[in-house]
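Notes to accompany the following structure.
The values are calculated or read from the model by the stated rules, or taken from the named source; none is laboratory data. Model, not experiment: these values are computed from the prediction. In this analysis, Cβ positions are derived from the backbone assuming ideal geometry, glycine residues included, and neighbour counts consider all displayed protein chains. SASA here: full protein model, heavy atoms, side chains in, ligands and nucleic acids out. Shrake-Rupley method; radii C 1.70, N 1.55, O 1.52, S 1.80 Å.
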Amino acid sequence: MLKSTDKPIAEAYRLALLDLDGVVYRGKNPVEHAAESIRRAEAAGMAIEYTTNNSSRFQRVVAEQLRGFDLDVEPHQVITSSVVAARMVRRHVPAGSKVLVLGAEHLREEVARQGLTVVDGAADAPVAAIQGWYPDMRWQEMAEVAFAVEHGATYFVTNRDLTIPRELGIAPGCGSMIQAVINATGVEPVASAGKPESAMYDEARLLAAGDDSQPVAKDACLAIGDRLDTDIEAGNRGGYDSLAVLTGVTNPHELMLAPAHLRPTYIVKDLRGLLDAMPQVEVGPGGTGHCGHATASLDAADRMLSVSDPSDIDALRAACGLMWSYADNGGDPTEVALPDFTL
């Protein structure tokens with residue numbers, strides 16, 4: 001069930017683990033209300049770490065883009081899958097070990113920063129291989145990773161996203177390239193740095209406190225994103241509270257139909273929700289849901305869900321609570337006619 005708060009989200013949590021694409025920006029353009037809401041959240045005491053599966057963009061480049069939106073961002077606040085992957089490998093191999101790196105210069109730089117020796121081929125006898133993504137990736141480079149893995153190198157990856165949006169449409173992502181190596185070797189990666197694994201959030205709360213300090217307490221962190229199957233699932237896997245925004249991929253229908261492992265702790269229209277307290281959601285007998293002044297009703301016989309106001313975010317919260325309860329009690333939510341929201 002969705003949680004409630006008696007004070008604004010930005011005051012209830014110490015650290016926001018904030019996704020970027022679809023939450024803060026869309027490509028080169030800022031998401032509406034995002035920057036102003038982040039500034040106000042920071043003023044209320046909330047620290048921000050920006051988390052992204054993108055392994056090819058330097059932290060400083062992302063930070064510069066965010067500063068262009070009038071946000072006060074330092075490069076170390078941007079946690080990419082390359083940063084997480086390099087730190088992950090460092091923990092698994094001795095200092096100075098040879099690591100075969102397939103990825104953008106950002107990944108190679110991060111691996112070297114961890115005191116490891118970057119090599120380019122299986123002939124260098126690397127003890128580990130790490131595979132990321134960049135647009136000029138060649139077949140021979142993937143073959144070198146396969147050869148190294150076949151000879152016993154421990155296999156790491158930055159993320160397993162099967163697709164990546166590009167200007168002309170959807171293209172194969174890092175996960176598709178990884179699958180080629182798996183098909184060749186029969187070996188699965190031992191770890192992935194990207195969401196929906198929770199390693200990125202774990203590293204972010206450690207980096208937010210400083211490497212020599214205790215990480216920020218998990219219950220003081222909030223994972224925020226627009227994708228249920230990456231941002232929200234990573235939070236659930238790692239035991240983090242999470243907040244879903246409707247400015248990117250996720251839509252109301254997906255939320256109402258979400259299985260337990262993809263359900264967020266909170267739902268907001270956009271990042272202005274960080275400045276709001278979250279109202280309680282109640283599911284009553286007879287197929288009713290309540291949130292604030294909004295209601296949702298489920299006619300189980302006719303398999304139809306109705307809400308008091310399809311333009312009200314509280315109505316969506318009530319509808320989600322009701323549909324999740326229905327599914328958890330043996331109902332089939334895919335057979336229910338759902339309302340179209342106009343948020």
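A few remarks follow.
- Scope the stretch 5-35; condition open to solvent by 20 Å² or more (accessible area, probe 1.4 Å) and at positive phi; matching residues: 27, 33
- Scanning the stretch 19-29 finds no residues that are more than 20 Å from the chain's Cα centre (by Cα) and not small (Gly, Ala, Ser).
- Restricting attention to the stretch 43-60 and to residues that are more than 18 Å from the chain's Cα centre (by Cα) and open to solvent by 60 Å² or more (accessible area, probe 1.4 Å), the residue that is nearest to residue 230 (Cα to Cα) turns out to be 60.
- Cβ pairs under 7 Å, 6+ apart, first in the stretch 320-333 and within 14 Å of residue 296 (Cα to Cα), second open to solvent by 10 Å² or more (accessible area, probe 1.4 Å) and charged (D, E, K, R): 324/263
- Filter pass, residue 276 being surrounded by 20 or more Cβ atoms within 10 Å (Cβ to Cβ) and under 22 Å from residue 41 (Cβ atoms): no
- Checked against the criterion of being within 28 Å of residue 35 (Cβ to Cβ), crowded, with 22+ Cβ neighbours inside 10 Å and not acidic (Asp, Glu), the candidates 281, 245, 249 yield just one match: 245.
- Residue match in the stretch 289-305 (condition: closer than 26 Å to residue 229 by Cα, touching a residue at least 24 places away in the same chain (Cβ under 8 Å), small (Gly, Ala, Ser) and open to solvent by 30 Å² or more (accessible area, probe 1.4 Å)): no
- Residues of the stretch 301-323 that are touching a helix residue (DSSP H, G or I) at 6+ places or on another chain (Cβ under 8 Å) and not in a helix (DSSP H, G or I): 303, 305, 307, 308, 309.
- Residues of the stretch 224-242 that turn out to be of a type in the set (Lys, Arg) and surrounded by 20 or more Cβ atoms within 10 Å (Cβ to Cβ), as a count: 1
- Residues of the stretch 196-223 classified as among the β-branched types (Val, Ile, Thr) and either farther than 15 Å from residue 77 by Cα or open to solvent by 30 Å² or more (accessible area, probe 1.4 Å) (or both), total: 0
- All conditions but one from (1) under 16 Å from the mean Cα position of the chain (by Cα); (2) surrounded by fewer than 21 Cβ atoms within 10 Å (Cβ to Cβ); (3) farther than 22 Å from residue 7 by Cα apply to residue 286; the one that does not is (1).
- Unmet requirement for residue 32, which otherwise passes all of (1) under 20 Å from residue 226 (Cα atoms); (2) not polar (S, T, N, Q); (3) not in a loop (DSSP other than H, G, I, E, B): (3)
- Here the stretch 160-169 is the region considered, the condition is being of a type in the set (A, V, I, L, M, F, W, C) and part of a loop (DSSP other than H, G, I, E, B), and the residue that is nearest to residue 236 (Cα to Cα) is 162.
- Meets criteria (open to solvent by 10 Å² or more (accessible area, probe 1.4 Å) and either assigned to a loop (DSSP other than H, G, I, E, B) or touching an Asp or Glu at 6+ places or on another chain (Cβ under 9 Å) (or both)) for residue 2: yes
- Qualifying positions in the stretch 98-116 - over 16 Å from residue 191 (Cβ atoms) and not hydrophobic (A, V, I, L, M, F, W, C): 98, 105, 106, 108, 109, 113, 115
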